[in-house]
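Take a look at the structure set out below.
Every number in this text was worked out from the coordinates using simple rules, so none of it is lab data. Remember, it's a predicted structure, so these values are computed and weren't measured experimentally. Note: ideal-geometry Cβ built from the backbone for every residue, glycine included; neighbour counts use all protein chains shown.
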Amino acid sequence: MQALTNKAKQVDRAAMSFMEKMYLPAIIKGMSITFSHIFKKKPTINYPEKTRPFSPVFRGMQILNRDAEGRENCTACGLCAVACPAEAITMEAAERQTGEENLYREEKYAAKYEINMLRCIFCGLCEEACPKDAIYLSETFTPADYQRKQFIYSKNDLLIPHPQENPEAYKKALGNRANKTTVN
Ligand code: SF4
Ligand code: SF4
């Protein structure tokens, strides 16, 4: 029969020696490898009591941003949804009404904004496409769940806490971005 590759290896069918039949050398060799790891530094940590610091370029769960006055930045232009290679983002736009200037920064806003986290590949293209600094990938990962529908994140799940009503949570959600200049 013609071989498809040149990786075929002839099986050694020679009779086992006395030492090989005892299996002891192989067992001792295996145990010595096991014991040699006992004194090495353990790569595992006791999560969630301990957490590892993320890389500065870590891309986690999306956050919908507000400006310093707490108004939503998103103007529902749809550029993030167009840029998303996984088609994970859907939204519905609405017109800002008189009296809502303290809620939404632009004349148009996202009445509904959803991200399907089961589709998201955390590429960050939505953040790069956004002209309003309205979405960014945070230093938090998406929590595990048992039901698929729980991974459809709504606007309420994604919106950053209000900077004036809950400054501590706002600063925490900003993470490393707190040290960077915000583009408006
Ligand atoms: S991170 Fe990438 S895949 Fe996820 S929503 Fe943004 S553009 Fe889509
Ligand atoms: S998050 Fe940015 S890109 Fe996406 S709809 Fe809002 S303003 Fe447009």
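In the range 158-176 there is no residue matching the filter, namely being within 10 Å of ligand 1 (Cβ to nearest atom) and under 18 Å from the mean Cα position of the chain (by Cα).
Would you kindly identify the strands (runs of 3 or more DSSP E) lying entirely within the range 50-160 that contain at least 2 residues that are hydroxyl-bearing (Ser, Thr, Tyr)?
Working: elements: 62-64, 89-95, 108-116, 135-137.
Per the criteria, 108-116.
Restricting the range 33-67 to residues that are over 20 Å from TYR109 (Cβ atoms) and in contact (Cβ under 8 Å) with a residue 12 or more places away in the chain, the residue that is farthest from the chain's Cα centre (by Cα) is PRO56.
Considering the conditions (1) within 23 Å of ALA173 (Cβ to Cβ); (2) more than 16 Å from ligand 1 (Cβ to nearest atom); (3) of a type outside the set (Lys, Arg); (4) out of contact with any helix residue (DSSP H, G or I) (no Cβ under 8 Å at 6 or more places or on another chain), ALA94 is excluded by exactly one of them, (1). Only residues that are of a type in the set (A, V, I, L, M) and either away from ligand 2 (no atom under 12 Å from the Cβ) or in contact with a Lys or Arg (Cβ under 6 Å, 6 or more places away or on another chain) (or both) were counted in the range 46-87, giving 5.
For the range 133-184, enumerate the residues that are basic (Lys, Arg) and within 19 Å of ARG59 (Cβ to Cβ). First the steps, then the outcome.
Restricting attention to the range 133-184, the residues satisfying the condition of being basic (Lys, Arg) are 148-149, 155, 171-172, 177, 180.
Matches in the range 133-184: LYS172, ARG177, LYS180.
When the residues of the range 161-175 are filtered to those that are part of a loop (DSSP other than H, G, I, E, B) and without any contact (Cβ under 8 Å) to a residue 40 or more places away in the chain, the one that is farthest from ligand 2 (Cβ to nearest atom) is ASN166.
Residues that are in contact (Cβ under 8 Å) with a residue 40 or more places away in the chain and surrounded by fewer than 16 Cβ atoms within 10 Å (Cβ to Cβ) within the range 68-87 comprise ALA68, GLU69, VAL82, PRO85, listed in sequence order. Considering the range 88-136, and only residues there that are of a type in the set (Gly, Ala, Ser) and exposed (fewer than 15 other Cβ atoms within 10 Å of the Cβ), the residue that is farthest from ligand 2 (Cβ to nearest atom) turns out to be GLY99.
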